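Please treat every number below as a calculation from the coordinates, not as lab data. Because the structure is predicted, anything quoted here is derived from the model rather than measured. Note: ideal-geometry Cβ built from the backbone for every residue, glycine included; neighbour counts use all protein chains shown.
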Amino acid sequence: MVKKEFRKSALKKLNSIPKFQRYAIDKKISSKLETLINKLNPKSILFYLPMPIEVDLRELIKKERKRGRKILVPKLENESFKMVEFRLPLEENSFNIPEPKSSNFKYKQVDLLIVPVVGIDKNAQRVGFGKGMYDRFFATLKKRPIVVFVQRKPIVAKEFLCQNHDIGCDFYISSKELNI
């Protein structure tokens, strides 16, 4: 199977999860992620702001912010993004993804990176939406952060689909336990 076919199949599976089940799944994943965050104790975390197909971690963002952690989110910039501090109000970018308004301050490092995935390959590398934004962003970091992939339903290819530049994870969290 090629990456493009896998992505299409994975998106179909993720979109088939009934809306009424998404809330419970997201709560379960948030709880698992919160436990991991407490264990790792990072000073800064890059979360994402979700599209409907992605795990909604906004309540966890609020909790971690109250705990005094530096919360960063992606802000679209050309064909990649920059890290900006999470703050309200949010506005939708050209991909209809919420993000904070413009900021001139760019963060260069982060301790923990939370990344949504469409699927992963046999090597635990990310299959995303096909734009390569996380890969380009990841390549700009001077020090590799701990990377956690999150996904509502585990969708894992039985073969290697990704290339060397595709990011891999240290931890993978979904609605079901999975050893990678």
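So for the chain, averaging the separation of alpha carbon pairs under 8 Å that are six or more residues apart and normalising by length, what relative contact order in percent results?
That works out to 23 percent.
Quick one: work out the % antiparallel among DSSP beta bridges in the range 3-173, nearest 5.
Percent antiparallel among DSSP bridges in the range 3-173 is about 50.
List the aspartates and glutamates whose Cα sits under 18 Å from the Cα of LYS142, skipping any in the same chain fewer than 8 residues away.
By straight Cα distance, LYS142 reaches ASP111, ASP166, ASP170.
Please list, in order along the range 44-60, the HN-Hα scalar couplings obtained from phi with the Karplus expression 6.51 cos²θ - 1.76 cosθ + 1.60 (θ = phi - 60°), rounded to whole Hz, x for Gly and Pro.
My calculation for the range 44-60 gives 9, 9, 9, 8, 10, 9, x, 8, x, 7, 9, 4, 8, 10, 4, 5, 5 Hz in order.
So in the range 8-88, what percent of DSSP beta bridges are antiparallel if you round to the nearest 5?
65
Cross-link list LYS3/LYS106; LYS75/LYS131; LYS13/LYS63; LYS66/LYS153: which exceed 23 angstrom alpha carbon to alpha carbon?
LYS3/LYS106; LYS13/LYS63; LYS66/LYS153
So if R0 is 41 Å, what FRET efficiency would SER9 and LEU90 give, r being the distance between their Cβ atoms, rounded to the nearest 0.05?
0.85
Taking only the C-alpha atoms, wrap a convex hull around the range 118-180 and report its volume per residue in Å³ as a whole number.
Taking only Cα atoms, the range 118-180 has a hull volume of 79 Å³ per residue.
In square nanometres and to one decimal, what's the mean projected area of the convex hull around the Cα atoms of the range 3-173?
So the Cα hull casts an average projection of 9.6 nm².
At most 14 other Cβ atoms within 10 Å plus a DSSP loop assignment makes a site exposed; report the longest stretch of the chain without any exposed trypsin sites (Lys or Arg not before Pro).
1-42
Can you tell me the equivalent ellipsoid semi-axes for the range 1-53? Use √(5λ) from the Cα gyration tensor, largest first, whole Å.
27, 16, 10
Can you give me the long-range amide H partners of GLY119? Hydrogens built in the peptide plane at 1.01 Å from N, cutoff under 5 Å, separation of 5 or more residues or another chain.
For GLY119, the qualifying residues are VAL127.
Going by C-beta contacts inside 10 Å, put ASP121, ASP111 in order with the fewest on the left.
With the fewest neighbours first, ASP121, ASP111 line up as ASP111, ASP121.
Provide the gained length on full extension for the span LYS176 to ASN38, in nm with one decimal, where the gain is 0.36 nm per separating residue minus the Cα-Cα distance.
47.7 nm
Apply the Karplus parameterisation 6.51 cos²θ - 1.76 cosθ + 1.60, with θ equal to phi minus 60°, to every residue of the range 146-151 and state each ³J(HN,Hα) to the nearest whole Hz, in sequence, with x for glycine and proline.
Once rounded to whole Hz, the list reads 6, 10, 10, 8, 10, 7.
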